[in-house]
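Before any comments, here is the structure.
Any read-out appearing in this document is the output of simple, stated calculations on the displayed coordinates, not a laboratory observation. Note that the coordinates shown come from a computational prediction; the quantities given were computed from them, not determined experimentally. Please note: Cβ atoms are built from the backbone with ideal geometry, for glycine as well, and neighbour counts cover all protein chains shown.
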Amino acid sequence: MAGDLKLSETLTIPARELAWRFSRSSGPGGQGVNTTDSRVELVFALEASEALPRALQQRALQRLAGRLVEGTVVITASEERSQWLNRQVALRRLQELLRWAISPPPPPRRPTRPSKGSVERRLMAKRLRARIKGNRGRARRPEEGD
């Protein structure tokens, strides 16, 4: 169906779960800017969505917690001069945002120790730096009695 938002091969947000709002946009557009509702707001009720499995929905709610307004995601697009192009931009932004929000967390980091050679190289570089800095700023006085 046209208007559905495909997140992956198996996940699709149906168009009926997406709400659109339009308003006049600021910026370029000439005389038409005063009459065309080219600014687009795409509203997706993440908390009420039935398209996402519960686990993915919980992960998305957690990752987008600071961005949600009463359980909904609002995407605004007004950079293009036409409403249709702004709708495409908003859909693409929502798609990218939701793909990131439902993606699995990265694997935990395995702690490692530096190799013996890297430790030696680091300490040797520190000694060299200390020697260089130690030679700065001190004027050498000639030995008395020479």
- To the nearest 10 degrees, the tilt of helix 116-134 (Cα long axis) against the first principal axis of the alpha carbons of the chain is 60
- If you work out percent of Cα pairs over 21 Å apart from the coordinates, which of (i) 40; (ii) 63; (iii) 51 do you get? (ii)
- Message: If I fit a long axis through the Cα atoms of helix 83-102 and take the longest principal axis of the Cα atoms of the chain, what angle between them do I get, 0 to 90°, rounded to 10?
- Response: 60
- Query: Cα to Cα, under 24 Å, and not fewer than 8 places away if on the same chain: which lysines meet these conditions relative to Lys116?
  - Reply: Lys126
- DSSP loop GluC sites (Glu not before Pro) with at most 16 other Cβ within 10 Å excluded, longest remaining stretch of the chain: 80-142
- Message: Residue by residue through region 41-56, what is 3J(HN,Hα) from phi via Karplus (6.51 cos²θ - 1.76 cosθ + 1.60, θ = phi - 60°)? Round to whole Hz and write x for glycine and proline.
- Response: 10, 9, 10, 10, 7, 5, 5, 9, 5, 9, 7, 9, x, 3, 5, 5
